[in-house]
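The values are calculated or read from the model by the stated rules, or taken from the named source; none is laboratory data. Being a predicted model, the structure only gives us computed values, none of them experimental. We work out accessible area using only protein heavy atoms, side chains counted, and drop any ligands, DNA or RNA first. Shrake-Rupley method; radii C 1.70, N 1.55, O 1.52, S 1.80 Å.
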Amino acid sequence: PTAFAAPGEKEMSSQGATLQNYNNELVKCLEDLRDKRETLNKEILKEEKKKQDIQKKLHKLTEELHRINERLAKKTSARNDFDTTIQETEGAYMKILESSQTLLHVLKRESVSLTKKKQTSHK
């Protein structure tokens, strides 16, 4: 008998079964990894779609904000024009009131003066 005997059928059968178990486990692990990858890929696609939708909305909102800012600028300018016109008109009106008051005082003085002259001329 030699020291190196060929493996027996029983031993070969056992090694074959072990190898088959490893192979089955490896295939199962690969399938699990592929399933997890596919699940993750679906989530990525869903998130990318969501991102595109939000970017479209953001673009529309940005355009709307720009239009609103333009309208606000025009309306603010118009309001400032109103403020200027109102202030100028109020200033002119106050001058008219002051002039009217002065004219009234002058007229009353003249009236009193004329009344006194009339009374003194009748005496």
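Percent of Cα-Cα pairs per 5 Å bin, from 0 to the last occupied bin, for the stretch 83-123, please list those.
Over the stretch 83-123, the share of Cα pairs per 5 Å bin runs 6, 21, 13, 14, 10, 10, 8, 6, 6, 3, 3, 1 percent.
Enter the accessible area per residue of the chain (Å², integer; probe 1.4 Å; all protein chains in place).
Counting only protein heavy atoms, the per-residue value for the chain is 100 Å².
What share of all Cα pairs of the stretch 8-74, in percent, falls into each consecutive 5 Å distance bin?
3, 14, 8, 9, 7, 7, 8, 6, 7, 5, 5, 4, 4, 3, 3, 2, 2, 1, 1, 0
Which residue fluctuates the most in the chain, going by a Gaussian network model with Cα springs under 10 Å, if the choices are Asn41, Asn24, Asn69?
Between Asn41, Asn24, Asn69, it is Asn24 that shows the largest mean-square fluctuation.
Using a 1.4 Å probe on the protein chains only, how many percent of the accessible area of the stretch 69-120 belongs to carbon and sulfur?
Ligands and nucleic acids excluded, carbon and sulfur reach 60 percent.
Can you run phi through the Karplus equation (6.51, -1.76, 1.60; θ = phi - 60°) for the stretch 94-103 and list ³J(HN,Hα) in whole Hz, with x for Gly and Pro?
Ordered by residue, 3J(HN,Hα) equals 5, 5, 4, 4, 4, 5, 5, 4, 4, 4 Hz.
Please work out the Cα center distance from the stretch 24-53 to the stretch 79-121, rounded to the nearest Å.
89 Å
Can you compute 3J(HN,Hα) from phi for each residue in the stretch 45-51, using the Karplus curve 6.51 cos²θ - 1.76 cosθ + 1.60 with θ = phi - 60°, rounded to whole Hz and x for Gly and Pro?
With the stated coefficients, the stretch 45-51 comes to 4, 5, 5, 5, 5, 4, 4 Hz.
Sort largest first and round to whole Å: the equivalent ellipsoid semi-axes of the chain, each the square root of five times a Cα gyration tensor eigenvalue.
So the three semi-axes of the chain are 115, 13, 8 Å.
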